[in-house]
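Novice: This is the structure, below, for whatever I ask next.
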Amino acid sequence: MTGACAVLKVSFEKSLKNYTLHIDLSVGEEIITLVGPSGSGKTTILNCIAGVSHPDEGIIQLNDKVLYETSKKPLAIQKRNIGYLFQDYALFPHMTVEKNIQYGLKDYKLVEKLIDIVGIKPLMDSYPHQISGGEKQRVALVRALATKPDALLLDEPFSALDEKTRVECQDELLRIHEEWKIPIILVTHHMEEAKKMGNRKIQLNKGKII
Amino acid sequence: MTGACAVLKVSFEKSLKNYTLHIDLSVGEEIITLVGPSGSGKTTILNCIAGVSHPDEGIIQLNDKVLYETSKKPLAIQKRNIGYLFQDYALFPHMTVEKNIQYGLKDYKLVEKLIDIVGIKPLMDSYPHQISGGEKQRVALVRALATKPDALLLDEPFSALDEKTRVECQDELLRIHEEWKIPIILVTHHMEEAKKMGNRKIQLNKGKII
Amino acid sequence: NPDNESDSPTKGVTISAATSLSGVLEEIIPLLEQVYPDTTITVNLGSSGKLAQQIEQGAPTDIFLSADQQYMDQLENKQLILPDSRTNFASNSLVLIGSSETSYALDDLNYLLSIDENQIAIGNPNSVPAGKYAKEALENKDLWRLDNLQSQLVFAKDVRQVLTYVSSGNAGLGFVYKSDLNRDESVKTILSIDESLHSPIIYPAAVVSTTSHPDIAKEMTKFLTSSEVQQILDKYGFES
Amino acid sequence: MNYTPLWLSLKIAGIATIIVLIMGIFLARILSRNQFPGKRIIESFLLLPLVLPPTVVGFGLLFLFGKNGPIGSLLLKWFDFQVVFTWVGAVIAAIVVSFPLMYQSAAASFGQYDKNIENAAYTMGSSKWKVFWTVSLPLAWPGLLAGLILTFARALGEFGATLMIAGYIPNQTETIPLAIYFAVESGNTNEAIFWVIGISMIGFAALIWLNWWSGRNILRFTNNQ
Amino acid sequence: MNYTPLWLSLKIAGIATIIVLIMGIFLARILSRNQFPGKRIIESFLLLPLVLPPTVVGFGLLFLFGKNGPIGSLLLKWFDFQVVFTWVGAVIAAIVVSFPLMYQSAAASFGQYDKNIENAAYTMGSSKWKVFWTVSLPLAWPGLLAGLILTFARALGEFGATLMIAGYIPNQTETIPLAIYFAVESGNTNEAIFWVIGISMIGFAALIWLNWWSGRNILRFTNNQ
Ligand SMILES: Nc1ncnc2c1ncn2[C@@H]1O[C@H](COP(=O)(O)OP(=O)(O)OP(=O)(O)O)[C@@H](O)[C@H]1O
Ligand SMILES: Nc1ncnc2c1ncn2[C@@H]1O[C@H](COP(=O)(O)OP(=O)(O)OP(=O)(O)O)[C@@H](O)[C@H]1O
Ligand code: MOO
Ligand SMILES: [Mg+2]
Ligand SMILES: [Mg+2]
C-alpha cells in the first residue's frame, strides 16, 4: 500500500463443470459487491484471488504484486496477504475462538474493539463446534480482519446474522474500510446489502459479468 | 397423520452456556417461523426436536408419539420421522448428490419434480465438495423433503440462495405444505421471508419466546 | 599374563556361546575373571547357527563356543577362526523324554512306534543340532522314513521348544540333550539314546580370527579344558 | 519347489484378517463411544501381544490352548478338537498378534470424522446398522484401511507365536515365514530368497488390491485432493 | 534383581520411537500429497519389515550393518563405529520393524481431514512450517497418536531382529524381551513372569501417559463427543 492507489486487478478464465468463468475486474480502494445466482462462480473468483484454486489463464495482480500469471508458478497463498472469509468459515476446529482469532493476528487494538462490537466476547473460550452458526460467521469475520490484509474477500459474510447484528457488522466494516482504504470484494444475495455496502455492484451470471 | 390434526408439542428447558432455554410451543398443520438474534437458541430447539441433542426436562410430542419426556429414555432419532435441514447441511461427503438424496428417499415422484424446480439436476453426479454453497443448501432441502416426514425442521434453509432461486424454493415449500399438511418450523433472519412463509412468527431472545 | 599388542589398561573379550551353555558359563566366567582381573568378559548367547552368522558378518567376537562341529567347520573353511586354537571342551548325549507323569520307559528306540503317543517333538534337523543327531539315530534304526513316524513329528526351532512341548503335554515325546534336563523337572528321561547311533556330540571352542587379543583369547579357550571347568561341565550333564 | 507354504499362508492370513477386521472394528466402535474407568486397562491389555516377544505370546497361547490348558482341554472334551500343531493354531496366533494393529487404527479413525453426519442419516429414519455401514464405515475408512493393511501384513509375517503353537510340520503348518526362517537357519539361501520374494509379492499385491478395491467400493469421495 | 533391561528397553524404545515418529510423519506427509507411478512399490517396500519374520529382518540388518556390509563398513571407516552388538543396533532393529506401523497410520490420518482448513491458515500469512505444526498435525493427531502407540509398543517388544544384530549381551543389549526369552529358555519362570509384568506395566503407563499428554497439549478439540 505504499505510494499510489491500492488496486486489485483480476482478469482470467477458468473452465468449470458447466460453463467457463470469464472475469475482468479492477478494484480500487473501494468495496465491490458481487451478486449473482447460486452457482454462478462467485466463490470460485474469490478462491482464485486468494490462491486457494487457480485460473486456467490470465493475470491477477494486487498493487505491485503479481499473484497469478498464465503459465507461471502462482504466488503462494501465504505470501498474498489477502484476508478471506470462507463461505463455510473454515474455522480451526481444534482451537478456541480466541486462538482462532489470534492465529494471524497483527492489529491487536482493532481486534479487541471488534470482538466487542460484533458481540463474540463471551465465546472466547468456546470451540467452534460449541457455538452457533451466526457466531461462527462473526468469528470468521474477525479472524479475517485481524491479519490487517492488503485486500479483503468476504463470501456472504453476514448471511447467518439477524437484522440487528448484521447492521452492526456492516457499519463496522464500512468504518474499517474508511480507515484502511483497501480493495474489498463482498459476495451477497441481499440487494439491499449490496446497495448499502458497495461503491459498485457487479452482477455475475453463469461465469460472466453482466 | 391419521385422523386428527397433526400437531407438534414442544415444552422444555435446557440450560446453555450463557442462559437457560425455556420453550413452550405448539405447532399444528402450519408453518411457524422462528426468528431471533444469532445465538438465541434456534438451532438448539430444532436439535432437541430432531433428537440430536436433548432437553434437561420437559416434554416433546409429535402427534401421538412422545419424543422426549423428563427422565425417560428419549425416542431414538431414527424413529421420529422428522425431516431436518441442518444449518451446516451435514451432507454425506462420500456420496454424490444423487446418493445423498436417495438415502432416505420415500416420495420418488415429488423428488424428481423438486430436483428440477430447485435447479440441481446438473449436479446429480457431483460430490458435495464439488458444488457451491447455495447448491449444497438446495440438495440438503431436497434430501430433507425426500423422506416424506411427519414434521419438518428447516434451519435457515434459503440463506445462501439468490433472490430468484429463493422465491422458487419458498413457493415450492408452500405448495408441499399445502399438500402434506404437516408442522413445519422454519428458522430465518429475513423478516420478509418470515412474513411470507409463516402462519405464525415466533420471536426468540436469549432462549425465551417474546 | 603376556599381552603385547594392546596398551589399554582393561581389555574386552567377547564370548559368543550356544544358549545351552548359559548355566555353565555363569559359573565359569567368575573363574576366568579371577585369572584375568584386568579383562572385561562379555558373553553373547544365541543358537550356534545365529552366532556363526553374526561372526561371518564381522560381529566383534573373540571366542566362539559352538554346540556343534558343523558351524565351527563352516567358520574354519572361511578362515574366520584361528585353526590352532580350536579345542573340543565338552560333549553331550541325546535322550528321549516324556512328561514327568509318563508311566513307561523304553529299552530301545525300536519300540518308539509301539507307544501310543500322537506327537514327537524334535529339533529341525536342518538347523538344530539336537535334531540332526536324533534324525541320525532314527535313520540308523530305519525308523526315519516310516510314514507313521513322519506323521508324528513336530519340528522345533530349538531344544527349549521341544522341552516346552513335552512338559506342557502337547507332545508325548521329544529328543533333547541330557544337559537340558537339569533345567526342567516336569520332564523325565524315557530312554538314553545309544551314542553309537549318531555322530559324537562334541562342543568345540575356537578363537575368532579378527580378535584383537589373540593371546588372552587362546589362553581362555585352553582354560576350558582345565579340570576346574570340566567339573562344572560334569555337574550340568556335559560329560567330558 | 513345494508351494504349500504359499497357499497355507494365504489361507491363514486371510482368515485371521477377516476375523480381526470384524472384531477390531466392533470393539473399537464400542470402546470409542464409551468412556469408563477401566477402559485404558482394557486397551493396554489389547496392546500386550505387541509388546511381548512373539515367542512368549506363543508360549502363553500354548498354555491356554494346549491339551491341558483351560481352553484347550475344553475344546478337546467338547469338540474333540486339538488346536496345537494345526493350522487353526496358526490362525489363532495371527489373530492375537495382529489384533492391536487393527484396534488402534480403527479406534482412531472412528474419532476422526464429524458425528453430525451420522445424525443426519438417523433423521432420515435409517437403522443403526444401515448408518454404520453406509456412513460411519466409509467415513472412517482411511484409518480402517490402514489397519487392514497392517493386519494382513502382520498376519502374513507372523512367525514366533505361530511356530510355538502350530509347530513346524511341513505341508500342514509350514507358512512362508516358517519356510524362510528354516531356510535361513539351515543355510539354504536360495530357498530363503525365493520365499522372501514370494512373501513380498503377496504383500505388494495385497496393498495394490486393497487400495484399488476400497477406492472402487468405499472411498470414492476425495474431499481432499 | 538387575534392573538394567528396564532402562535399556526404555532408552532403546524411546529413541527408536522418536526417530520413527519424525521419519514416518515426514514420509507419510510427502507421499500422501503426491501421486506417482512407483508410489505403491515404495509403500509395499516400507511394509516389508512387517511381513518378514523378525529374525530374517535381523539377518538382513546384520548383512547391511556388519563389518563387511555396505553400511557397516562405511560407518567403521568414517566414524570408527561398529553397530553390531551394541544398543545402537537394537535401536536400528526397533526402528525398522516399527516403521510400517507409523507410516500407515500417519498416511491415513493425513488424508482424513478437510484441507480447506489449511488453506485458511495460509491466507493468514502463515509459513508452511507453522501451518504444519499448528493445523495439519493437530488435525491428523488421532491417527498419529494411534501410530505412536503402536510404534512404541512394537519397539518395546522387538525381539527377533534385536537378538540378531545386537546380540544377547547381559547389561549391554539385554532388553526386557530378551530377558524374558532367556528366562523362559533357562527355565527361570519367576524372572520371566517378573519381566512380563514389567513390560506390560510400561506399555500401560505409556498408553495412559500418551493419551493424557496428547489430550492436554494437542487434542483439546472434541468435535465428536
Ligand atoms: N471443487 C469443484 N469442482 C468442480 N466444480 C465445482 C467445484 N466447486 C464449485 N464447482 C462448480 O462451479 C460452479 C461455481 O461455483 P461457485 O462455488 O463459485 O458458485 P457461487 O457463485 O459461489 O455459488 P453460491 O452462491 O451457491 O455459493 C458451480 O456450478 C459449482 O457446481
Ligand atoms: N455444542 C454446544 N455446546 C455448548 N454451547 C453451545 C453449543 N452449541 C451452541 N451453543 C450455545 O448455545 C447458544 C444457542 O445456540 P444456537 O446454535 O441454538 O443459536 P442459534 O439461535 O441457532 O444462532 P444462529 O442464528 O447464530 O445460528 C449459543 O450461545 C451458543 O454459543
Ligand atoms: O521373535 Mo522370533 O521368535 O525370533 O520371530
Ligand atoms: Mg459461493
Ligand atoms: Mg443456528
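The values are calculated or read from the model by the stated rules, or taken from the named source; none is laboratory data. From a predicted model like this one, the values you see are computed outputs, not experimental measurements. Don't worry about glycine lacking a Cβ; one is built from the backbone with ideal geometry, like all the others, and counts go over all protein chains shown. In case anyone asks, the SASA skips ligands and DNA or RNA and just uses the protein heavy atoms, side chains included. Shrake-Rupley method; radii C 1.70, N 1.55, O 1.52, S 1.80 Å.
Novice: For segment E:85-110 and segment E:1-30, what is the separation of their Cα centres, given in Å?
Specialist: Value for the Cα centre distance between the two parts: 8 Å.
Novice: Could you give the dipole magnitude of chain C about its Cα centre, charging the beta-carbon of Lys and Arg +1 and that of Asp and Glu -1, in debye to the nearest 20?
Specialist: 440
Novice: Suppose you put the label 7 Å out from Cα in the Cβ direction; list, shortest first and in nm with one decimal, how far residue E:128 is from each other copy's label.
Specialist: Residue E:128 label point versus its equivalents elsewhere: 4.7 nm.
Novice: Segment A:8-209: Rg/Rh from Cα coordinates, Kirkwood Rh?
Specialist: 0.95
Novice: Given N residues in segment E:4-223, what is Rg(Cα) / (2.2 N^0.38 Å)?
Specialist: Against the compact-globule rule of thumb, the ratio is 1.14.
Novice: Also, I was wondering about something else. Could you please put A:185, E:95 in sequence from largest to smallest accessible area, using a 1.4 Å probe?
Specialist: E:95, A:185
Novice: Sticking with this one: What are the extents of the Cα atoms of segment B:9-125 along their three principal axes, in Å, largest first?
Specialist: Cα extents, longest axis first: 45, 33, 30 Å.
Novice: Report, in degrees rounded to the nearest 10, the 0 to 90 angle that the Cα long axis of helix A:163-180 makes with the longest principal axis of chain A.
Specialist: 60
Novice: Next up: Give the lysines whose C-alpha is closer than 25 Å to that of residue E:130, dropping any in the same chain fewer than 8 places away, or say none.
Specialist: Partners found: A:65, A:73, A:79, A:99, A:106, A:109, A:136, A:148, E:115.
Novice: Here is a further query. Taking just the alpha carbons, could you work out the radius of gyration and Dmax for segment E:1-56, both in angstroms?
Specialist: In Å, with Rg to one decimal and Dmax whole: 16.1, 55.
Novice: Residue of A with Cβ nearest the axis relating A to B, plus distance in whole Å?
Specialist: A:159, 2
Novice: How long, wide and thick is segment D:23-110, going by the Cα atoms along their three principal axes, in whole angstroms, largest first?
Specialist: The principal-axis extents, from largest down, are 40, 27, 22 Å.
Novice: With unit charges on the beta carbons (Lys and Arg positive, Asp and Glu negative) and the dipole taken about the Cα centre of segment A:8-209, which residue among A:93, A:169, A:61 sits farthest to the positive side?
Specialist: A:61
Novice: When the Cα centres of segment C:216-239 and segment A:178-210 are compared, how far apart do they sit, in Å?
Specialist: A separation of 97 Å, based on Cα centres.
Novice: Taking only C-alpha pairs under 8 Å that are 6+ residues apart, what is the relative contact order of chain E in percent?
Specialist: Value for chain E: 30 percent.
Novice: Please report the projected area of chain C's Cα convex hull averaged over all directions, in nm².
Specialist: Approximately 13.2 nm², given one-decimal rounding.
Novice: Can you bin the protein assembly as shown into rounded, prolate or oblate? Criterion: square roots of the alpha carbon gyration tensor eigenvalues sorted a ≥ b ≥ c, rounded for a/c under 1.5, prolate for a/b above b/c, oblate for the rest.
Specialist: Because a/c hits 1.5 or more and a/b exceeds b/c, the protein assembly as shown counts as prolate.
Novice: Which listed residue (E:148, E:194, E:161) has the Cα farthest towards the positive end of the charge dipole for segment E:4-223, taking +1 on Lys and Arg C-beta and -1 on Asp and Glu C-beta about the Cα centre?
Specialist: Farthest towards the positive end: E:148.
Novice: From the phi of every residue in segment C:129-144, what ³J(HN,Hα) in whole Hz does the Karplus formula 6.51 cos²θ - 1.76 cosθ + 1.60 yield, where θ is phi - 60° and glycine or proline is x?
Specialist: x, 4, x, 4, 5, 4, 4, 4, 4, 5, 5, 4, 8, 6, 9, 3
Novice: With θ set to phi - 60°, apply the Karplus curve 6.51 cos²θ - 1.76 cosθ + 1.60 along segment D:41-49 and write out the HN-Hα couplings as whole Hz, x wherever there is a Gly or Pro.
Specialist: 5, 4, 4, 6, 5, 5, 7, 3, x
Novice: Can you tell which of C:93, E:8, C:124 lies farthest toward the positive end of the dipole of the protein assembly as shown, using +1 and -1 charges on the Cβ of basic and acidic side chains (Lys, Arg; Asp, Glu)?
Specialist: Working it through, the farthest residue towards the positive pole turns out to be E:8.
Novice: Ignoring ligands, DNA and RNA, what percent of the accessible area of chain E is carbon or sulfur (1.4 Å)?
Specialist: Here it works out to 69 percent.
Novice: Same structure again: If the elastic network links every pair of Cα atoms under 10 Å, which of D:102, D:164, D:201 fluctuates the most in the Gaussian network model of chain D?
Specialist: Ranking D:102, D:164, D:201 by mean-square fluctuation puts D:201 first.
Novice: Any chance you could check the Cα centroid distance between segment A:70-134 and segment B:80-127 for me, in angstrom?
Specialist: 31
Novice: Please work out how much length the chain gains when fully extended from residue D:39 to residue D:194, using 0.36 nm per residue of separation minus the C-alpha to C-alpha distance, in nm with one decimal.
Specialist: This chain segment gains 51.3 nm when fully extended.
Novice: Another one. Helix-only estimate, please: 222 nm mean residue ellipticity of chain A, summing -39500 (n - 2.57) across DSSP H runs of length 4 or more and dividing by its residues, to the nearest 500.
Specialist: -9500 deg cm²/dmol
Novice: Here's another thing I want to ask about it. Starting from the Cα of residue E:211, move 7 Å in the Cα-to-Cβ direction to define the label point; list residues of segment D:19-51 whose amide nitrogen is under 13 Å from there.
Specialist: Flagged as within label range: D:28, D:31-47.
Novice: Applying the Karplus parametrisation 6.51 cos²θ - 1.76 cosθ + 1.60 with θ = phi - 60° to the phi angles of segment A:79-91, what ³J(HN,Hα) value in whole Hz is obtained for each residue in order, glycine and proline being reported as x?
Specialist: 9, 8, 6, 10, x, 9, 9, 5, 4, 9, 6, 6, 5
Novice: Using modelled amide H (1.01 Å from N, peptide plane; none on Pro or chain starts), what sits under 5 Å from the amide H of residue D:114, excluding residues fewer than 5 places away?
Specialist: Excluding prolines and chain starts, which carry no amide H, there are no hits.
Novice: Need the list of lysines near residue B:201 for cross-linking: C-alpha distance under 19 angstrom, and skip anything on the same chain fewer than eight residues off.
Specialist: Counting by Cα, and skipping residues close in sequence, residue B:201 has these lysines nearby: A:164, B:9, B:42, B:181.
Novice: Let me ask another. State to the nearest 20 debye the size of the charge dipole of chain D about its Cα centre, where the only charges are +1 on K and R beta carbons and -1 on D and E beta carbons.
Specialist: Approximately 780 debye in magnitude.
Novice: Shifting gears a bit: Which distances in nm, rounded to one decimal and ordered from shortest, link the label point of residue E:39 to the equivalent label points in the other identical copies, with labels set 7 Å from Cα toward Cβ?
Specialist: 3.4
Novice: To the nearest 20 Debye, how big is the dipole of chain B about its Cα centre, given +1 on the beta carbon of each Lys and Arg and -1 on that of each Asp and Glu?
Specialist: Rounded to the nearest 20 debye, it is 420 debye.
Novice: Comparing B:61, B:78, B:130, which has the greatest mean-square fluctuation in the GNM of chain B with Cα pairs linked when under 10 Å apart?
Specialist: Sorting by GNM fluctuation, first place goes to B:78.
Novice: Would you mind checking which residues have amide H under 5 Å from residue C:43's amide H? H placed 1.01 Å from N; only 5 or more apart, or other chain.
Specialist: Excluding prolines and chain starts, which carry no amide H, the hits are C:15.
Novice: Based on the alpha-carbon set only, what is the convex hull volume of segment A:107-210 divided per residue, in Å³?
Specialist: So the per-residue Cα hull volume is 116 Å³.
Novice: Using a 1.4 Å probe and ignoring any ligands, DNA or RNA, find the accessible area of residue C:41 and quote it in Å² to the nearest 10.
Specialist: Surface accessible to solvent at residue C:41 totals approximately 20 Å².
Novice: Follow-up. Are there any GluC sites (Glu not before Pro) in segment C:143-225 that are in a DSSP loop and have at most 13 other Cβ atoms within 10 Å? List them by number.
Specialist: Loop-located and lightly packed - C:185.
Novice: Evaluate 2.2 N^0.38 Å with N set to the residue count of segment D:86-177, then give the Cα radius of gyration divided by it.
Specialist: Output field value: 1.47.
Novice: Amide H to amide H under 5 Å from residue B:59: which residues, 5+ apart in sequence or cross-chain, H placed 1.01 Å off N in plane?
Specialist: Here B:11, B:12 satisfy the definition.
Novice: Something else: Hand me the tally of lysine pairs in segment C:57-216: alpha carbons under 20 angstrom apart, and the pair either on different chains or 8 or more positions apart.
Specialist: For segment C:57-216, qualifying lysine pairs total 7.
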